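The values are calculated or read from the model by the stated rules, or taken from the named source; none is laboratory data. Because the structure is predicted, anything quoted here is derived from the model rather than measured. As a convention, Cβ positions derive from the backbone with ideal geometry for all residues, glycine included, and neighbour counts pool all protein chains shown. Quick note on the areas: whole protein, heavy atoms, side chains included, nothing else; ligands and nucleic acids left out. Shrake-Rupley method; radii C 1.70, N 1.55, O 1.52, S 1.80 Å.
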Amino acid sequence: MAAKKSAPFRAGSVAIVGRPNVGKSTLLNRILGEHVAIVTPRPQTTRTRILGVWNGKGAQLALFDTPGLHRAKGALNRRMVEVALSTLKAVDAVLMLVEAGTGPGGRVEVGEATRWAIEEVARSGRPAILGVNKMDRAPRPTLLPVIDAYRGLHAWEEIVPFSALTGENVDALLDALVTHAPEADAPLFPPDVLTDQAERQLAAEYVREQVMLHTREEIPYAAAVEVEAFDESARREGGGLVRIAALISVERDSQKAIVIGKRGAMLKRIGTRARERLEALLGCKVFLALEVKVDERWSERASSLDRLGIR
Ligand code: GDP
Ligand code: MG
């Protein structure tokens with residue numbers, strides 16, 4: 001019997017794309033086992049491209065989480081969609097996500113917006129895998145009609161139902177991505193690289209996540225966060241303290257009042273929760289100082305979008 005040839009090493013870049021809120025960021029976090037991309041129940045949470053590097057047996061995947069594909073109004077939203085579309089064109093393969101679940105009477109309706117997103121995937125010319133997320137809340141018998149409905153819309157390499165929330169079938173999804181990754185002599189990134197998000201950026205994102213989770217209506221979308229100071233001089237191996245000062249920008253005085261709350265109560269809640277999450281991430285104590293300012297047109301100005309890293 002001939003000696004079994006070992007499988008070649010595979011390394012590839014993958015764009016995770018789809019409509020807002022289908023669970024792209026939840027999936028990236030699930031695969032990495034770290035909270036590198038913030039998640040809220042609201043659409044348009046992710047504003048930038050986020051790299052996460054997954055190392056498996058004989059394979060490495062560079063996964064790019066992207067802002068949701070939607071018909072964008074306003075400079076910020078347009079920029080976000082451009083980020084997603086340009087990522088689509090720069091990768092080896094695409095993982096498009098949709099949600100499991102059927103409409104009234106068990107019908108599967110693929111909306112016009114999703115069809116447009118599929119057209120963009122087709123236009124990229126990249127091999128595409130379809131991930132049907134949130135299978136945890138779709139009864140088994142409803143999965144098949146969903147898969148059938150999408151099968152006819154594009155020449156998917158594979159269609160994989162899974163749940164980013166519970167982790168069910170995420171292994172199968174990773175297997176499919178590895179199968180379609182190119183053979184490579186070497187990994188794309190050193191094995192200790194997890195993400196391109198610096199701790200400073202993550203700190204700003206963790207604060208923005210709490211603002212989005214604690215406020216309503218337009219405020220979640222009207223807020224931007226910048227870290228103005230990140231002092232780790234008191235940080236030690238396995239402990240110590242990091243001092244962080246962050247500035248929350250909102251577009252109106254009335255929004256500022258809400259984010260601060262009665263006698264600062266809201267800002268305190270936002271700060272406490274963000275600090276707890278940052279302490280878990282950084283593995284040390286965190287002192288977090290928050291300030292709120294009004295900047296009417298931050299989301300319309302290219303310079304502030306650049307400064308916020310939305311490119
Ligand atoms: P994104 O906009 O595509 O990045 O979506 P997010 O990852 O921010 O998730 C949007 C919402 O869907 C959040 O409330 C998530 O908790 C929820 N979600 C994501 N994946 C799943 C899943 O597999 N099952 C369920 N039930 N909810 C999920
Ligand atoms: Mg997201």
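Could you tell me what percent of the DSSP beta bridges with both partners in the chain are antiparallel, to the nearest 5? Taking every DSSP beta bridge within the chain, about 35 percent pair in antiparallel fashion.
Around the amide H of Ser13, modelled in the peptide plane, lie the amide H atoms of Ala62, Asp92, Ala93, all under 5 Å away and 5 or more residues distant in sequence or on another chain.
Once the Cβ-Cβ distance of Ala257 and Glu199 is raised to the sixth power relative to R0 = 45 Å, the FRET efficiency obtained is 0.90. Note on the range 225-284 and the range 64-93: Cα centroid distance 28 Å, given to the nearest whole angstrom. Of the two radii for the range 138-236, the radius of gyration is 1.11 times the Kirkwood radius, both from the alpha carbons; that is the Rg over Rh value.
Can you compute the helix-only [θ] at 222 nm over the chain? Use -39500 (n - 2.57) per DSSP H run of at least 4 residues, normalise by all residues, nearest 500 deg cm²/dmol. Walk me through the intermediate numbers first.
On the way: 10 runs with 111 residues, N = 311.
Helix-only estimate at 222 nm: -11000 deg cm²/dmol.
In this structure Asp196 has an accessible area near 80 Å², from a 1.4 Å probe over the protein heavy atoms.
Of the GluC sites (Glu not before Pro) found in the range 62-142, those that fall in a DSSP loop while having at most 11 other beta-carbon atoms within 10 Å are Glu109. Of all DSSP-defined beta bridges confined to the range 10-179, some 25% are antiparallel rather than parallel. Taking amide H positions as modeled 1.01 Å from N, with prolines and chain starts lacking one, the residues under 5 Å from Ala59 and 5 or more places away or on another chain are Arg10.
Per residue, the average separation of C-alpha pairs within less than 8 Å and at least 6 apart gives the range 199-307 a relative contact order of 29 percent.
Within the range 1-107, antiparallel bridges make up roughly 35 percent of the DSSP beta bridges whose residues both belong there.
Mean sequence separation of contacting Cα pairs (under 8 Å, at least six apart), scaled by the length of the chain, corresponds to a relative contact order of 18 percent. For the chain, the Cβ-based charge dipole about the Cα centre amounts to some 640 debye (Lys, Arg positive; Asp, Glu negative; other atoms uncharged). Take the chain with all the other protein chains still there, run a 1.4 Å probe, and you get 49 Å² of accessible area per residue. Sparsely packed loop sites in the range 83-183 (the trypsin sites (Lys or Arg not before Pro) outside DSSP H, G, I, E and B with at most 12 other Cβ atoms within 10 Å) comprise Arg107. Within the assembled protein chains, the solvent-accessible surface assigned to Ser249 is about 10 Å², based on a 1.4 Å probe.
Going down the list Lys5/Lys134; Lys134/Lys256; Lys262/Lys285, which pairs span over 29 Å between their C-alpha atoms?
Details: Lys5/Lys134 38 Å; Lys134/Lys256 35 Å; Lys262/Lys285 27 Å.
In this structure, Lys5/Lys134; Lys134/Lys256 exceed 29 Å between Cα atoms.
Go through the range 187-267 and name the GluC sites (Glu not before Pro) that are in a DSSP coil and have 10 or fewer other Cβ atoms within 10 Å of their Cβ. Walk me through the intermediate numbers first.
On the way: sites: Glu199, Glu205, Glu209, Glu217, Glu218, Glu226, Glu228, Glu232, Glu237, Glu251; in loops: Glu217, Glu218, Glu232, Glu237, Glu251.
Passing both the DSSP loop test and the Cβ count: Glu217, Glu237.
Distance from the Cα centre of the range 30-60 to that of the range 151-185, in angstrom? Computed from Cα coordinates, the inter-centre distance equals 15 Å.
Under 10 °C and 1.306 mPa s, how fast does the range 198-275 diffuse according to Stokes-Einstein, given a Kirkwood radius computed over C-alpha pairs? Answer in µm²/s, whole number. Once the numbers are plugged in, D ends up at 121 µm²/s. Connecting C-alpha atoms closer than 10 Å in a GNM of the chain, tell me which of Gly23, Gly239, Gly52 has the biggest fluctuation. Sorting by GNM fluctuation, first place goes to Gly239. In this simple spin-label model, placing a label point 7 Å from the Cα along the Cα-to-Cβ direction at both Ala184 and Lys268 gives a separation of 4.9 nm. Which value, in nm² and rounded to one decimal, describes the direction-averaged projected area of the C-alpha convex hull of the chain? So the Cα hull casts an average projection of 19.6 nm².
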